[in-house]
Structures are given as structure tokens and as C-alpha cells.
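The values are calculated or read from the model by the stated rules, or taken from the named source; none is laboratory data. This structure is a prediction, so every number in the text was calculated from the model and none was measured. Methodologically, a virtual Cβ is constructed for each residue, glycine included, from the backbone with ideal geometry; neighbour enumeration extends over all protein chains shown. The accessibility values were calculated without ligands, DNA or RNA, using every heavy atom of the protein model including side chains. Shrake-Rupley method; radii C 1.70, N 1.55, O 1.52, S 1.80 Å.
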Amino acid sequence: MKNTFRILLAFALAFIALHSAAALEAKVLSTSGKVEIQKGSAWVPLNTGDVVYAGDVISTGFKSSAELSIQGSKVQLGPLTRITIEKLVSTSSKNETSIYLDSGKIDATVNKADGKRTGFKVSTPVATASVRGTSFSMNAAGFLFTSKGLVAKMPSMSKVPQVSDTPSDFTPADGETNAFTSVKDVSGGMGIPVYEGEYSSTDPNTGLPVYPQKELAKRIIDIRSGTLSQTVLEKLAPPIVCALSNGPDFPDPASSAPALLVPTLPAASPAPASPSGDMPAEDAFGSLVVTVTF
């Protein structure tokens, strides 16, 4: 009877040790322009060297930016961006970060720290994505570009930030990402894969993530039907051989997406130009959530 009690006690202590969590913090590496953090009902300046925690809300102004460091990973906030730090926790086996992107765009490079596996999630109102061994860019409109690694993209779990100090039950698989890595290793099998050099939007009608192959196929069909020009396809389509462009940008009213190479297609009648000369209005996307894991 005593031996049975000791065994049960040992299991209980091991379970508590495995699932107990310590709070992490993020450090501000740099700021440019107007960068603020919400304190109660007021907004105060956020400066280089400041420390932020779960529950903090950060906002950047016009032509402003900020860079955060979180356990070896770096997150760059672009202009007119607002994020809520949902989760910063560490257990004996993993570090876990969750960020809610209300507006704007972020670029992130996720790395291991302390020899632990890393879970990193970025969320917006309409989609969720889990990323592994990854550098990626994402905006609040749901456009995701994976520059390194693998992203598992899925519909959003919540329309609002969910601040928590409790680690999730899922622990990502260890090892490097390659062509044989599956979403099971990244997100437990949920979501569609978006590999290095690929991008994915969110279908505004269904709220589901769009497969990268479907994104490219749609634009090839549009070219052949004359509703989209070859020039626009070259701005939007991912590279066929996964060669990265210099600094991918997302389509928005003020800028175009990265210029990437695509195969030459049969000539078609050019699509009518928009009054502003920007990309067609059809290229508006929904929102997204991204989780990064190793």
C-alpha cells in the first residue's frame, strides 16, 4: 500500500513539474517614431530597453516601428500596427508565445532558447497559423508569406485577444523543418501547410485559409482569361523553385507584393488598369493567426 502511494505521489509531482509554468517577458530592442503601450485607459510612450508582459497592448503610429525580443525570437512591428501579447510562459519542456494582431503587419524570426522547444502563435480575427523553424510575415488582413520553415494555417479560434498564463497541451515535435515535415509536427495535424517561399490568403466568403497551390492556379487562369495581367501575377505569385525575393511586402493600397518569378504563359489581352494603377480590388484578404513551433 505504501509503495502504491509513493508511486502515485511520484507521478503527481512529475505531472506538476511538467505542467507548471513560469512567466516570460519580452524586451524592446528598438523603436522608431510613435510607439506606445496601453497603461489602464492611457497610452504612454514605449522606449528601447523597456520590458513588456502578457496582457500588454502595443501600438505603432504612421511611419513608425518597433522590434521586440522574446526568448531568442524577434518580432518586428510595422507602421499602424496594434498587438496584444496574449501569452508568455515557459515550462520544463517548451517556451510558448502568443500574439494577437489587431491591425497592421508583423515580421517574425522564431528561434529556440534554453534548449527547449518553442511554440509561437500570432492571431487575428479570422485565421490561425502555427509556424515551425520559421521566418514569416503576416498582416491583420490574413495575408501570410513564409520565408523560412513551415506554417500550419487554420481558421481563427477567437475574434478577440485571449490573455492567459496557462501553457497549451500541445508540444511541437523537435528537429529541423524539411520537405517531409507535416502539419502534425507543427500544430498537431490542424491547418494547411504553407512552406518556404509560399503564401496564403483567407477566403473572405468561407473564412478558410487558401491553399498556396490554389492561389497560383487562380492567377494563371485569370491571365488566360484576360482578367489579370502577367505583370500582376509576377507581383503576387510565389516562386516556382522557392527562391526568395528581397524583403517580401504585402499587397496594400500603398505598396505591391514582392516581385517573384513565374513561368511565361501564352499571351492574353491585358486586364483593364484600375484608376489608381494599383492591383485589382479582388486581392483583398481576410485576417489570420500564426503559431510558431520547433
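Assess whether ASN111 counts as being of a type in the set (S, T, N, Q), in a loop (DSSP other than H, G, I, E, B) and either open to solvent by 40 Å² or more (accessible area, probe 1.4 Å) or on the phi < 0 side of the Ramachandran plot (or both). Considered against the rule, which asks whether it is of a type in the set (S, T, N, Q), in a loop (DSSP other than H, G, I, E, B) and either open to solvent by 40 Å² or more (accessible area, probe 1.4 Å) or on the phi < 0 side of the Ramachandran plot (or both), ASN111 comes out as yes.
Of all residues in segment 159-180, which are modelled with pLDDT under 75 and either out of contact with any Lys or Arg (no Cβ under 7 Å at 6 or more places or on another chain) or exposed (fewer than 15 other Cβ atoms within 10 Å of the Cβ) (or both)? The answer is ALA173, ASP174, GLY175, GLU176, ASN178, ALA179, PHE180. Residue pairs whose Cβ atoms lie under 9 Å apart, separated by 6 or more positions or on different chains, with the first residue in segment 164-191 and on the phi > 0 side of the Ramachandran plot and the second modelled with pLDDT under 75 and hydrophobic (A, V, I, L, M, F, W, C), are GLY175/PHE294. Selection of segment 66-94 for residues being more than 17 Å from the chain's Cα centre (by Cα) and assigned to a strand (DSSP E or B) yields VAL89, SER90, LYS94. When restricted to residues that are closer than 21 Å to GLN38 by Cα, of a type outside the set (Lys, Arg) and in contact with a Leu (Cβ under 9 Å, 6 or more places away or on another chain), segment 70-84 contains 7.
Taken over segment 108-139, residues that are of a type in the set (Lys, Arg) and within 17 Å of GLY197 (Cα to Cα) amount to 1. Among the residues of segment 84-103, are any open to solvent by 50 Å² or more (accessible area, probe 1.4 Å), touching a Ser or Thr at 6+ places or on another chain (Cβ under 9 Å) and of a type in the set (Lys, Arg)? The answer is no; no qualifying residue exists.
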